[in-house]
Amino acid sequence: MLPLSNIFLQVEFLQEKMIKNRCNTERKIIDAAVQIVDNEGFEGLNITKVARMAEVSKMLVYRYFDSLAGLIKRVIEANDFWSQIPDDVSLDDTAAARIKDIFHHKALILRKNPMVRKFYRWEITADNDVIKSLKSEREVAAWQNFSRYCDELNISGDEALAFATFVDNSIIMTMIKLDMPQKRGLDVSTEDGWKLYLKTIDDLIDNWIINR
């Protein structure tokens, strides 16, 4: 009979192995989903196709991710999609500076990551429960910080929402154009264009705060 300490070690080893196997399988499923999105966009993504490409059962995909929405969320989390403001922003900054950081970071994520741009194009052109769920969660996360900074500036909720909607949509449409064969307007893919674009956002925020 094995000593009790050896039994505990074996159990611990098996648990670690199961966790590692699950992590590897989840990674395999996410990689398959990313490959499908790269080739077909989010429009082409479904559980059956992902399971086939990852060589796992559909049941396993549902067990690990719960739903298509859960899988898509994990895909875009892996692409910094949910990060609304960088971690290194100083809390000593003014509310205006932190508002600028939120929009700068949103623009940067879209500029550097084609996967995120594909998601937004899908969001604009499609209407389904997956998009509604993910959009609601994203907007709640973003609004918490933005509204808090606007409160510090004594800006009402309606004013803040109107401004955030305007700037956010402008950023999305500008960055989506990066994938178009013929770019119109300012080319934010160049460093000069990018710097000028961020400066324009800053000027817009400053003027809004001063003149409201």
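The values are calculated or read from the model by the stated rules, or taken from the named source; none is laboratory data. From a predicted model like this one, the values you see are computed outputs, not experimental measurements. In this analysis, Cβ positions are derived from the backbone assuming ideal geometry, glycine residues included, and neighbour counts consider all displayed protein chains. Only protein heavy atoms, including side chains, enter the accessible area calculation; ligands, DNA and RNA are left aside. Shrake-Rupley method; radii C 1.70, N 1.55, O 1.52, S 1.80 Å.
What the table shows:
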item	result
Accessible surface, per residue, of the stretch 123-212 when the full set of protein chains is kept, probe 1.4 Å, Å²	63 Å²
Too-long pairs where the Cα-Cα distance tops 24 Å, listed order kept, from LYS118/LYS199; LYS112/LYS195; LYS49/LYS132; LYS177/LYS199; LYS28/LYS132; LYS112/LYS177	LYS118/LYS199; LYS28/LYS132
Dimensions in Å of the stretch 86-212 - Rg and Dmax from alpha carbons	15.1, 43
Burial ranking of peptide ranges 34-43, 97-106 (average Cβ count within 10 Å, highest at the top)	97-106, 34-43
Packing rank of 127-136, 64-73, where each peptide gets the mean count of other beta carbons within 10 Å, highest leading	64-73, 127-136
Loop-resident sites, the stretch 168-199, for trypsin sites (Lys or Arg not before Pro), counting at most 12 other Cβ within 10 Å (DSSP)	ARG184
